Amino acid sequence: MHDHAILFTYYGGAPREVVAQNLDRLRRFNADFPIIPLVHDGALTIEGSVDLSRVPCPWDTADKWRSCDTMIYRWFPDRIVRAKRYILCEWDTYSTTSIREFYAPVWDADVAAVDAFAQGERPDWWFFREIPLLGALAPFAGAVVPLSGTLFSEAALQAICSGPILPAPFCELRVGTLALHAGLKLTSMPFAKPFISWTAQEIRLSEAPGIYHPVKELVAPAPIAADRKSPIS
């Protein structure tokens, strides 16, 4: 049982050089913990990736962006790596510090994301328009935004992956709803707002130790902050 593990998710169309850069950064700062590359559609670009296209899938995965959360549901039940917590890092995640240091303030959370909320707290969130797709789970509508960067305890992922099959909702709506349906607490990470967003325009790489998302381009010169104490811990 590892203390934590990183789920590094990507798809065949992601730029190879950037995927390699970002994976290398995660490995550099988290050398003692497993990083599991998960590929959505079988287009393997990382040696040792788990090809999830081979796993039976009752979800609608035609749109890889909308359905990226299904990679978790397909991998977790038959996982060969066990950890007390899992951190989802999509391919466009760039690191200048370790996962353990960055997530210290929420290390024991059930589910933690930059913004995590129930419908009643943020009824104006765009994807709550898809609540009809939740069926009987509509009263539990919730969200984790963005999905990349979300931390899950092992117990939380066990409960989420054991929940009802919701074939079509947007990924961030589906994960938040399944978590609330399972009785899990959603925890927001305001300290992460300068680092993790759903849009690249809001992110500016700096020497500040952090987990940055999205970073979809090669970084040169790469900010190095391994010897600095994170201001968020």
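The values are calculated or read from the model by the stated rules, or taken from the named source; none is laboratory data. Not measured: the values here are computed from a predicted model. Every residue, glycine as well, gets a Cβ built from its backbone with ideal geometry; the counts of neighbours run over all protein chains shown.
Observations on the structure shown:
- Residues that are aromatic (Phe, Trp, Tyr) and touching a strand residue (DSSP E or B) at 6+ places or on another chain (Cβ under 7 Å) do not occur anywhere in segment 49-59.
- Some residue of segment 78-85 being buried (at least 20 other Cβ atoms within 10 Å of the Cβ), closer than 22 Å to Ile196 by Cβ and not aromatic (Phe, Trp, Tyr): yes
- Candidate set from segment 192-224 (those that are of a type in the set (A, V, I, L, M, F, W, C), under 12 Å from Phe102 (Cα atoms) and part of a loop (DSSP other than H, G, I, E, B)); member that is modelled with the highest pLDDT: Phe195
- Any hit, segment 29-49, residues being more than 17 Å from the chain's Cα centre (by Cα) and modelled with pLDDT of 95 or more: yes
- For segment 157-187, the tally of residues that are closer than 22 Å to Ala83 by Cα, surrounded by fewer than 24 Cβ atoms within 10 Å (Cβ to Cβ) and small (Gly, Ala, Ser) stands at 5.
- Unmet requirement for Arg74, which otherwise passes all of (1) in contact (Cβ under 8 Å) with a residue 40 or more places away in the chain; (2) charged (D, E, K, R); (3) surrounded by 17 or more Cβ atoms within 10 Å (Cβ to Cβ): (1)
- Among the residues of segment 60-71, those that are surrounded by fewer than 17 Cβ atoms within 10 Å (Cβ to Cβ) and over 24 Å from Val114 (Cβ atoms) comprise Asp60, Ala62.
- Of all residues making up segment 27-77, the number that are part of a loop (DSSP other than H, G, I, E, B) and at negative phi: 28
- If you go through segment 22-65 and keep only what is of a type in the set (D, E, K, R) and touching a Pro at 6+ places or on another chain (Cβ under 7 Å), you end up with just Asp60.
- Output for segment 50-64, where each listed residue is farther than 14 Å from Pro164 by Cα and touching a residue at least 60 places away in the same chain (Cβ under 8 Å): Asp60
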